[in-house]
1. What pairs come out if I take residues in region 187-216 that are in contact (Cβ under 8 Å) with a residue 40 or more places away in the chain and closer than 21 Å to K11 by Cβ and pair them with residues that are assigned to a helix (DSSP H, G or I) and among the hydroxyl-bearing types (S, T, Y) whose C-beta lies under 7 Å away, six or more apart or interchain?
2. Of all residues in region 19-76, which are assigned to a strand (DSSP E or B), closer than 16 Å to I193 by Cα and of a type in the set (D, E)?
3. Being within 16 Å of ligand 2 (Cβ to nearest atom) and within 15 Å of the chain's Cα centre (by Cα) narrows it down to one residue among V148, V108, V127; which is it?
4. Which is touching a residue at least 12 places away in the same chain (Cβ under 8 Å), within 12 Å of ligand 1 (Cβ to nearest atom), small (G, A, S) and touching a helix residue (DSSP H, G or I) at 6+ places or on another chain (Cβ under 6 Å), of A36, A52, A41, A19?
5. Go through region 118-163 and report how many residues are closer than 27 Å to G30 by Cα and away from ligand 1 (no atom under 16 Å from the Cβ).
6. For the structure I just gave you, tell me whether L211 is surrounded by 14 or more Cβ atoms within 10 Å (Cβ to Cβ), outside any helix (DSSP H, G or I) and modelled with pLDDT of 95 or more.
7. Let me confirm something: among E117, E67, E100, which residue is within 12 Å of ligand 2 (Cβ to nearest atom), acidic (D, E) and farther than 21 Å from L170 by Cα?
8. Can you name every residue in region 189-199 that is farther than 20 Å from S44 by Cβ and touching a helix residue (DSSP H, G or I) at 6+ places or on another chain (Cβ under 9 Å)?
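The values are calculated or read from the model by the stated rules, or taken from the named source; none is laboratory data. Just so we're clear, the structure is a prediction, and the values are computed from it rather than from any experiment. Backbone-built Cβ (ideal geometry, glycine too); neighbour counts: all protein chains shown.
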Amino acid sequence: NAMIQFQNVSKCYPDNIVAVQDINLTIEQGEFVFLAGPSGAGKSTLLKMIAAIERPDTGTLQVNGQEIGQIKSAGIPFLRRNLGLILQQQSLLRDRTILENVMLPLFVTGTPKSEAESRALAALEKVGLPDRAFSLPPSLSEGEQQRVAVARAIVNRPQIILADEPTANLDRANASRVLEALTFFQSAGVTCIIATHDEQLFTKADRIVFLDRGRLRHTASSAKGKQA
Ligand code: ADP
Ligand code: ADP
């Protein structure tokens, strides 16, 4: 079952900056996919198009049966409800507890407070941080804050998680903890798409899609990232 399908997708930014060109890529439900490649390769642009933050200029992109190029603005909240986003610029609210930060997406969808609290706590347990629920973000390490971001992304039970460089600035041990949190949700059926230039993460990948200057170069599918 294709969850995400790019067909001949190209996208330029103003001034004719080519971000991605002629992308053909199908991601199945429940897959764990790394988008790899150097800075500027187009990884973030692919993630942003899946979330309808950017739209393709040409080609078609289907996400969970919806055509991104044709989605009306009223349809975007429905699309996003099915997506857990871990974007680079999104940080935790410093003056809210960890629990309150994880509860935020549930308020947006109108979940009652007591249910939101118990679901946010359950999500914090899944990322190994239940004892930090009542701490404030600045008292957590960067690695712990990233795991909170994973909990916040998953709390609405999305079908897809998109993460943009989720291990940037983390040491090996913390990077693997963040990755373990993501693979846990994949094993529960969530489709995970992770943009990274950190090749040391690749061992657990279902699939690695290499991008370079906006083009898809090749796809590897063995556990160690050998070329398929
Ligand atoms: P990556 O995530 O692999 O670093 P991006 O998708 O961020 O790559 O960028 C792809 C190309 O598009 C780069 O040349 C980048 O400079 C350009 N780009 C990205 N975002 C914008 C933007 N908002 N406006 C103009 N150019 C952009
Ligand atoms: P709850 O049923 O209260 O949400 P669970 O223990 O089942 O608690 O799950 C804990 C957290 O993990 C929840 O926030 C949930 O969003 C997330 N989660 C667990 N399983 C899945 C799944 N299959 N798909 C998406 N999210 C999941």
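1. Short answer, once both residue conditions are applied: A195/S44.
2. The initial filter retains those residues of region 19-76 that are assigned to a strand (DSSP E or B), namely 19-28, 32-36, 58-63, 66-67.
From what is left, the residues that are closer than 16 Å to I193 by Cα are 23-28, 32-36, 61-63.
Residue satisfying the conditions is E28 alone.
3. Working: V108 fails: within 15 Å of the chain's Cα centre (by Cα); V127 fails: within 15 Å of the chain's Cα centre (by Cα).
Exactly one of V148, V108, V127 is within 16 Å of ligand 2 (Cβ to nearest atom) and within 15 Å of the chain's Cα centre (by Cα), namely V148.
4. Details: A36 fails: touching a helix residue (DSSP H, G or I) at 6+ places or on another chain (Cβ under 6 Å); A52 fails: within 12 Å of ligand 1 (Cβ to nearest atom); A41 fails: touching a helix residue (DSSP H, G or I) at 6+ places or on another chain (Cβ under 6 Å).
Unique residue meeting the criteria: A19.
5. 32
6. On the way: surrounded by 14 or more Cβ atoms within 10 Å (Cβ to Cβ): yes; outside any helix (DSSP H, G or I): yes; modelled with pLDDT of 95 or more: yes.
Considered against the rule, which asks whether it is surrounded by 14 or more Cβ atoms within 10 Å (Cβ to Cβ), outside any helix (DSSP H, G or I) and modelled with pLDDT of 95 or more, L211 comes out as yes.
7. Result of the check over E117, E67, E100: E117.
8. Keep residues of region 189-199 that are farther than 20 Å from S44 by Cβ, which gives 189-190.
Hit for region 189-199 is V190, nothing else.
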